[in-house]
Each structure stands twice: as structure tokens, then as C-alpha cells.
Amino acid sequence: MKRSILLTLFVCFVAETCPHLTAAENDVAHPGITPSESVRTDIHISGIYPHLTTYGVYSQNGSHEKDGHNECGIGAIVPWAGKLWMVNYAPHMPRGSEHKLFSVDADLTKPMTIHPESVGGTPAGRMIHKESNQLLIAHHLIDAGGNVRTIKPADMPIRVTAIARHLTDPANLVYYIDMEGSIWEANVHTLAVKRLFKKPVPGWHGKGGYTSQGRLVISNNGELHVGNYSDVLVGGKAKNEEERGVLAEYDGSQWKIVERRQYTEVTGPKGITGGSDGNEPIWTMGWDRRSVRLKVLDDGQWQTYLLPKAAYCNDASHGWYTEWPRIREITGGRWMMDMHGMFYDFPKTFSATNSAGIRPIGSHLRYVPDFCQWNGKLVLATDETSIQGNPLAGQPQSNLWFGTYADLKSWGPASGYGGPWIEDNVPAGVASDPFLIAGFDRRLVHLAVGRKTAPAISAFRAADQQKINTISKELAQLPRVTVARGDWHQPAAGFEFAVDVPVTVFLAVDRRGSPKLPSTWKRTNHTVTWGKGFEDTVYLRDFPAGRVTIPDNPTEHTPGSFGMPHTAFIKSRGGQVTIDAIESSVVTRPETPKLASEQPSVVFTLQVDRQGNGEWIDLENVTVPGGGYVAHPLPSNLEAQWLRLIPNRDCIATAFLHQTTSQYANGDLPENRSLFAGIADLDDEQTIGGLVYAAKRNRNLRFITDDDRYYEFSKSRFEFQADATDEKLKNLLAITPEFSLDEASVIIQSRGQRYRLPKGPAAFDKPFASGWPRALREVESERELANIHGTFYETPLITNGAPPAWNLIRPISSHTKQITDFCSWNGLLVLSGIKPDAAEDGHLFRDQKLGVALWFGGIDDLWKLGKPVGTGGPWKETSVSAGEESDPYLMTGYDRKTLTLKSSVATTITAEVDINGEGLWVPYDVFSVQPRAPLSYEFPQEFSASWIRFRSRVPAVVSAILEYE
């Protein structure tokens, strides 16, 4: 047995420290490295020690070859027994995997220990059990001497997401919470386990668990179910789009659902001890479509507080991209909270009667599953490189970051977005939940009355069933003709109706089975989705006044199953149309919203809690016209913790805050200039550029230069070495521009929508000498980074492998550098595009003899390139029709904003802003523009919105250009 353990340790050590002992991707042994070569442990770059990198696979010579091992985020880190202990995780391996239990010595230049008791899996649960003086982390129990015992995954086949104190026998038992929802009980002495509940509450991506006030509270942040609800004891299927995930509690006899929202962390003042036997508060974090939700259980009652979102990478309904945000003590009584891309100071005294003290520290790009204070350093765990839907990385890998609390303030801005209401039905006289306003420099409340986005869809795909989920604004405003579904075992029937004027008929056709229509029907770019994710292709055809015949749908998409009957949307081409149903057809007209003039104005009373003691005082009243909008800045000298709003009438209300910083990372600071000094500037005629790739065949970095030379950069020695030509890799890494340009701006086409972004210097209008630089790549796990025309952006993902959510991007920094490619590798951000004469400086590594060089740093170093700036707009000398909407142009994340309008004729130009990135457009202002008289407008400093667009009252040749400084 001992020999087996020693052999395992030797194999793990060789795989970790000698990555050159691997097979190449074409199964040819990699040349040029000797087996005796040692690993450098003195490399320390931007808080990252590359030799401490963790991987998914350890048994196959460092090569990623095993199913189910395509992720390896570091799920939990805990100081214990003089070391830092941690586990990494696979995406879905309840019965174990090759992922490991590690410990790191206080001397960070020593290799970390990979413990032979490792069983892998998908763990992030951790708890210090005070009575037995053990650290419980994943399936492992570690005593004060560092001795490890392990619960076999075969005995407890779960993904350990949380461990909590026991309600009735805390000295001997603990609760283990499974990501699938099961609850287990384990004896910390004997390791005996027992499943208590298979799935007591709904949700399919369990996260937190904690005990206090005589109850166990658990959370779940995923609603994409992977099973049925037969085992659920309380609750069931989501009743609407708002119901996602769950927050639930168990008092020892009964389960109760607290809220059907997506929740993650559950903890309290006892923190990592897993709970309390007393009456201490319980804190939990989650979110909905409006904001981050922070709830506190105080003296048996739940209270809700709201906070802004700095980033939108966590928002998908499946919950997969939100791995264990934490509230945790980091040092000497100082606590910190991490959620939606923002670090906050968090007071240990937080309760319903003492809610003061939450303050934004700054935003970040790093994907942080856990953090702690250890050995005098703040330590962040990371989920760095995944290969789920990410073909541009060879194997998953993640690392730690070591730094200080002060370092976080030099990263992203303390800016966030959210509010209590987004087009919600709000009753008169009822206050919103409190929303955090403390700690932000500039605070703007967007207030709107009435619905601004497309109407809520209450339409059915057939006359009697299958609710429509998404539809274009144009189709949603048209009357439609349908027939009943009928027997789906039979072909769907056609139908007829009559019109009294010429019309264009848009026909929604069930895509399943690829049904054919006569050639007189022309395909459009519209789509309609309905039911459980089914989708229609939309065609159009013109008809004269009279009888219109819609064909049947005889397509059998699977044996015995026929497609839906078509749905017709009717657009008049000759005045108001009268539609008469014939036989079985049914005519339905969309609801006509009230005109703004028909709606009463609403007075919102803004109240603040200055001290966080629950004492609310009136700040001011803001009147919003019926169906209207007001952008209302909060006083710059306002000192308060929380804001809430009370309407004087029942209404559909939006209250959404943009709270931004006045402080950005300064790219002109000497230390920031020197950080990136080795990267080629735009005016450099020669560069060392190329393509970079975290290797699949070993732990190294592969590099193909612009002039088609092949190298590896070794993890073991941080040195370049010549490599064989690999056309397959070159083709994989080939760059195709993801954007286009015109005179006005950068253009992004995605999911049928066109977005416009600012331009940097004109040199970015054309490719570099080596070709177009890389524009889009996943760098942090399940988060993409874009480098477009001199600005880096964070681009959230909704589904792995699918296009990012461009509507929710945020700019990171702007630059004037020839960065040709970028990737993550061994915990580091890698940039190519180096000055040929650049000197090695701790970030830049080069081989002068080989003529190659690369830059290495941390992902959050990117903020230090300089604050986002740019110039552009949706129109530049553009011919526009009367009332024509421009494309959306990005506005969020920029500081000083100036608009210049020009027109060939006298006109008024309306500016509209999207205040939440989801198409909630409101009118900002109307500008009167005269020919040959450019109009300049500087936005107030506190004004911020997600996107801006324009429309002209009359046809004209117009420019609408924004300068962001």
C-alpha cells in the first residue's frame, strides 16, 4: 500500500514538475528537453506563481485526454495546519475524478503537495469543525497535524458544494450539501454517511449552506433542470421566468421555500465554521434580472437589500457561470464580499438593524470561486481556463493570486448598475427594497413610467396553445391569424381569411423538419420562438385585397409527429386593415398601449437610510409624466447607506441606477507605463507578434510567430525552444475578424442585431503588417475578452460555444498597442506583439538569439492600460429616413462624454438611451440642428446609460458622433 502511494506521488510529481515528459498531439515525443530538467519556482508575476498551477488531468503525461475533465477551477482555499489547502473541480463528476487535494507551503517557492488521498469530483464545500478541530474540504477531513482522511465518493456520490453545522448533534455530525440538491449527514469521527433527502427543494445547481437560528439554510442558483420533480418535498416547477433557483430553509422537521430566485453564498458571522448554535444572523447573496440580492435572516425574519451589478457574466438561468461567490473574513475582523464582478467591504455586524458599512472596493475580471487571508497575503482562487466550448485552449488550468487588499483598488472601477424595478407593476404607497448607494461617486436614478420594451408576450403560436416566448418588435405590433393546433399525429391544417386592403403577410413556419413553401414566399431575418425552445423561420408574401390562403404544414419532423400550423402576421399596405376570419381561423390583435397623454403622472418619493439603522427620511419627490421618463441625479454630497422609492399611484415603474466612479486606473502613471513598456506601440514598424495557445500535449505554451516560426515556451524553465511546424494548430488559431468598420464606428453583428462601438486611433482601421489581431477569445473560464480597435472589453457568455451577449459588454481599458493575440496560461495573461528591442523586465520574457518574446501578467493588469476612451457614433454623413432608428452605440463604462450633431437640413434629432442593456429605451433629449451649424452637447458627469441611439424628424444626411475622453 505504501509503495502504491509513493508511486502515485512520484507519477503526480513527474506530471506536474516535468511537463516535457509528454506525448505531442500527434503522439510523437516532444524533442529538445531532458528528463532531469527542474522546474523554476522563483517566477512571480503580478501575484501569480506559475509553478502552483492546477490542472484537470494528472495521469496521462500532462495531456488533457480524459472525458469529464475539461474544467479545473479552484473551488475552495483554506489556511489550516500551517499550510494553504485547496481543491480543484471537474464540471460534473460526483463519483470522483483526477482533480486533487493540494497544500501550499508558506514558502511559496516550494512545489505544492498533491495529496495521495485525493478523489477529485466537483467540490467547493469547506468548513472548520471546531469540536473535532478538523478542516472539512470536499470529501476530505484534515486534522491539526495535516493528516488526511477521505470519505469515499462511492459512499457519498455527490458534488460537495457546501458543508454546514448540524442542527441536533453538532459535535459529531455535519451536513453535506450536493449541487444536485441532496442533503447528507456525516460523522466527522467515523466517516459514516447517510443521505437525509434526495432533493427537498427545486433547483439544479446547488451552492451554499449554513446553520443558525435553529435552521439549515441552503441555496441554488440554477433552473435548467436535469431531472424530474418527483423527489421535491416543497415547491415545484418554475411558474414564470422570474422563478429561478431557490433559497430554502429546514428547521429539523419541515422544509420551507424562502424565495424562488438564484442564490449562491449562505453564511454568517461564524463564517467558515459552518454555522452557529445560537441566534446569529444568516447572510445570503443572489440576484435577479434587476440587481444583486442580499438577504439577512435576523431574529427569525428575512430582510432584503439590493446592490448593483458591475458585470453580467453570472446572469444565465442555468447558473453555471457563478461558481461560489463568497462573503468571507480576510483579516483581523475585515470581511469582503464578491458578487457580479465587484469586491465590497462587508461589515461583520451586518443585520437588519445595523446595515451600514457595505462599500464597493472595485471591479475585477478574475473568476473567483473563493478567497482568504493567509501568510500575510490576500489569496484569490480562480477558475481560469476551461475547454468547455473553448477550442482555443488545449487543457484546463487554474492558479492562485497572492496580493494585498490595496491591490484590488488598482483594478477595475467601482461602478455598478441595477435597481429595484424594471417595468414592474408597483402598488401605490409601497416602498421598494433598499438599494445600496453608499461608496459611489456619481449616482443617477433612471425613472420611467409605463412599458418601454416590447410588450409582454401573451400571444400563442396556435389559436389554443404554445405560448410565444420571443418575437421581433415589428411582428409583435401586427394582428395575427391562427388556427387551433389540432392532432399533432396528423398534418397541420391550412386556413383562410379575408382583408379589405393590400397586405404583406409574414408567415411563422415551424422549423422542425425543414418544411417547404412555394417560391412566392420569401425568407426574412425574423424568428419566433415558442414552447420549450422551439423556433420558427419567418417568410413574407404580398397579397391584394380579398381572400388570403395559408398553406398547410404536412411535414413529419419525426415519425408520427407533425409540425405546427403556420401563424400569419398581417401588415397593411393601404391604410387600416379589416381582417375577417374564415371558418376555423382566429384573428387576434395586439393590445394597444395607452398614449402617454392618457396616463397620469407619478410622483416618486425618494427616501434614504442615512445610518443603516432602518430609519427612513424623505430626500425629495420626483414627478415622472404619464408614460414618461426622468434621469434624476442624486446630490453629490448625499451621505446615506440605502435608497428606496415610493410611488403615489399604481403603475408600471422602472427605477434603475447607474452608479459610477470618478477614479479610473491611470495608464499614464510611470508604474503602469513601465508595466506594458515592452509591448509594441502603433508606430513601431517592427514587432514580434504571433499566435499563442495553452498546449494540450503538455503544460507549455505554444507560439507561432507572424513569420511562421514555431516555438514552445516551457512552464518548467520559462524559456523558448524551437518546435516543429504544425499546420493543424495554425489553422485552429487562424484569426477571422469578428467586427467590421465604417466611417462612423466599429460594427458588431450578432444574433440578428447590429451594435456599434467606439474607435481608437486610425491605425486600427487596417490590419497590422502581420494581419488582423485577435478580437475575441475566452480568457477566464466562461468569460470572453474582446480586443477591438484599441479597447479591451469583457463580453459575457450565455452558453458555452455560443456568441457572447454583446448587449451586456463593459469596456476595460483603451490602448495604442499592437497586441496580436492573447490567452490565459498557467494562471497568467499572455500577450503577443512585442518590441524587437524590448528588455526583459519581469513581465516580458524573450530569447534574443531566437528573436522571440512574449508578455506575461495578470488578467486584472489590463485595467492599468488606461481608462476606456474612443470616438464614434451610429451616423457619420449618413443618409437617414424620417423617424429611422440608428444602430445602438455603446455608452456604458465611459467617463467624459461629448456629442456632436450635424445635419444637411434643419431637423430635430431625438436621442434615446437604453438604460439596462436589454432594450429598455427611453427618450433622453431632443436637439434642434441647423444645416452647416454643428451642435455640441456635453453630457452631465453623473449621466450614464448602456447604449444610445438617434432618430431624425425629417430625411437628412446626419452625423451623430460621440467623443469619450
Evaluate the relative contact order of the stretch 670-865 (contact order divided by residue number), counting alpha-carbon pairs under 8 angstrom at least 6 apart; express in whole percent.
24 percent
Karplus 3J(HN,Hα) series, Hz, for the stretch 39-45 with 6.51 cos²θ - 1.76 cosθ + 1.60 (x for Gly, Pro)
9, 6, 10, 9, 7, 9, 10
Roughly what would the spin-label model give for residue 302 and residue 226, points 7 Å off Cα along C-beta, in nm?
2.5 nm
Given an 8 Å cut-off on Cα distances and at least 6 residues of separation, report the relative contact order of the stretch 199-325 as a percent.
25 percent
Convex hull of the chain built on C-alpha atoms - directionally averaged projected area, nm²:
41.6 nm²
Using just the Cα positions, wrap the stretch 867-922 in a convex hull and report its mean projected area in square nanometres, one decimal place.
4.6 nm²
Flagged as over-length at 28 Å C-alpha distance, from 452/759; 66/849; 516/571; 348/897, the pairs are 452/759; 66/849; 348/897
Given the rule -39500 (n - 2.57) for each run of at least 4 DSSP H residues, summed and divided by the residues of the chain, what is its mean residue ellipticity at 222 nm, to the nearest 500 deg cm²/dmol?
-1000 deg cm²/dmol
Which trypsin sites (Lys or Arg not before Pro) in the stretch 786-881 sit in a loop by DSSP (not H, G, I, E or B) and have at most 11 other Cβ atoms within 10 Å of their own Cβ?
849
At 37 °C and 0.692 mPa s, grab the translational diffusion coefficient of the stretch 278-330 from Stokes-Einstein with a Kirkwood Rh over Cα pairs, rounded to a whole number in µm² per second.
261 µm²/s
For the stretch 168-224, evaluate the Debye formula with one uniform point scatterer on each Cα (no solvent term) and list log10 I(q)/I(0) at q = 0.24, 0.27 Å⁻¹, rounded to two decimals.
-0.98, -1.13
Inter-centroid distance (Cα atoms) of the stretch 92-120 relative to the stretch 606-634, Å
52 Å
When the Karplus curve 6.51 cos²θ - 1.76 cosθ + 1.60 is applied with θ = phi - 60°, which whole-Hz ³J(HN,Hα) does each residue of the stretch 662-679 get, with x for Gly and Pro?
9, 10, 10, 4, 8, x, 8, 4, x, 5, 7, 4, 5, 4, 10, 4, x, 7
If you average the sequence gap of Cα pairs under 8 Å that are 6 or more apart and divide by the length of the chain, what percent do you get for the contact order?
10 percent
Built amide H within the under 5 Å cut-off of residue 40, gap 5+
717
Helix 2-17: inclination vs the chain longest Cα principal axis, degrees, rounded to 10, gives 60 degrees
Please give the length that would be gained between residue 168 and residue 841 if that part of the chain were fully extended, namely 0.36 nm times their separation in residues minus their C-alpha to C-alpha distance (nm, one decimal).
236.4 nm
Cross-link partners among lysines for residue 199, C-alpha distance below 20 Å, same-chain residues fewer than 8 apart left out?
207, 237, 239, 256
Radius, Kirkwood style, for the stretch 361-431 when every pair of distinct Cα atoms is counted (Å):
15.8 Å
Two pseudo-spin positions, 7 Å from Cα along C-beta at residue 730 and at residue 669, lie apart in nanometres by 4.2 nm
Excluding residues fewer than 8 positions from residue 766 in its own chain, the aspartates and glutamates with Cα under 12 Å of it are 742
How many nm separate the modelled label positions at residue 615 and residue 334, each set 7 Å beyond the Cα in the direction of the Cβ?
3.0 nm
Using the Kirkwood formula on the Cα atoms of the stretch 670-865, what hydrodynamic radius do you get, in angstrom to one decimal?
17.2 Å
Apply the Karplus curve 6.51 cos²θ - 1.76 cosθ + 1.60, θ = phi - 60°, to the phi angles in the stretch 680-697 and return the couplings in whole Hz, x for Gly and Pro.
4, 7, 4, 8, 6, 7, 10, 9, 9, x, x, 10, 10, 7, 6, 4, 8, 7
Rounded to whole Å, give me the distance from the Cα center of the stretch 749-811 to that of the stretch 314-338.
27 Å
Run through all the Cα pairs of the stretch 165-313 and give the fraction in each 5 Å bin from 0, expressed as whole percent.
2, 10, 20, 23, 20, 14, 8, 3, 1, 0
Amide H proximity to residue 555 below 5 Å, modelled H, separation 5+ or other chain, gives 492, 563
What net charge do the residues around residue 232 carry, taking every other residue with its C-beta under 11 Å from that of residue 232, with Lys and Arg at +1 and Asp and Glu at -1?
+2
Report, by chain and number, residues whose modeled amide H sits under 5 Å from the one on residue 925, excluding near sequence neighbours (fewer than 5 apart, same chain).
911
Where does the charge balance sit around residue 683 when Lys and Arg score +1, Asp and Glu -1, over other residues with C-beta under 12 Å from its C-beta?
-1
Calculate, for residue 802 and residue 504, the FRET efficiency according to 1/(1 + (r/R0)^6) with r their C-beta to C-beta distance and R0 41 Å; round to the nearest 0.05.
0.80
Count of lysine pairs in the stretch 73-195 with Cα atoms under 19 Å apart, counting only pairs 8 or more residues apart in sequence or on different chains?
6
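Readers should treat all values here as calculations from the given coordinates under stated rules, not as data from a laboratory. Being a predicted model, the structure only gives us computed values, none of them experimental. Cβ sites come from the backbone with ideal geometry, for glycine too, and all protein chains shown count toward neighbours.
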